[in-house]
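> Questions regarding the structure given below will be posed in turn.
The values are calculated or read from the model by the stated rules, or taken from the named source; none is laboratory data. All values derive from a computational prediction rather than experimental measurement. Cβ: placed from backbone, ideal geometry, glycine included. Neighbour counts: every protein chain shown. All accessible areas refer to the heavy atoms of the entire protein, side chains included, with ligands and DNA or RNA removed. Shrake-Rupley method; radii C 1.70, N 1.55, O 1.52, S 1.80 Å.
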Amino acid sequence: EQVFHHRVDLGDRELQEQYLRVIPQPPVVMDLGTMQRKAVNQRYRDVRGLVADLHCTVDNALAYNASSSPIYKLAKKLRSECLALVRSFLCEVTPLITAATRSHSRSTTSATTPATTPAGADPPRADT
């Protein structure tokens, strides 16, 4: 079973009461499966939303579970490894985005910038 892949099942009344005593109100129950669906459906505007959901998932696990529990330790590892992946991705993709933006900006500027007439030359005629 994948620990963080599914939402916490709050169907059991006792578990629900216990969980809601620990997790901040209003509870935001987030999991990796939901994050995956949001990513596939392009519901994240940028990487900040994805990272916020990751923090929510991990923060809830850390708040609810004892620091000696396997789930607590897995949650800390999940955050560390996922943030490392995000950093690595951003380091690789940022230069590509910057280069593409510069290239697009140059092509747009040259296409929309009016041609200048050299000093002393007659400007082009409109009827030619």
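> Can you tell me how many residues in the range 58-81 are within 13 Å of residue 31 (Cβ to Cβ) and either open to solvent by less than 50 Å² (accessible area, probe 1.4 Å) or among the small types (Gly, Ala, Ser) (or both)?
The total comes to 5.
> Give the range 1-18 a look and list any residue that's surrounded by 14 or more Cβ atoms within 10 Å (Cβ to Cβ), of a type outside the set (Val, Ile, Thr) and at pLDDT below 90, or say none.
10, 16 - these are the residues of the range 1-18 that are surrounded by 14 or more Cβ atoms within 10 Å (Cβ to Cβ), of a type outside the set (Val, Ile, Thr) and at pLDDT below 90.
> Can you find a residue that is in contact (Cβ under 8 Å) with a residue 24 or more places away in the chain and open to solvent by 80 Å² or more (accessible area, probe 1.4 Å) anywhere in the range 34-56?
So far as the range 34-56 goes, no, none of its residues is in contact (Cβ under 8 Å) with a residue 24 or more places away in the chain and open to solvent by 80 Å² or more (accessible area, probe 1.4 Å).
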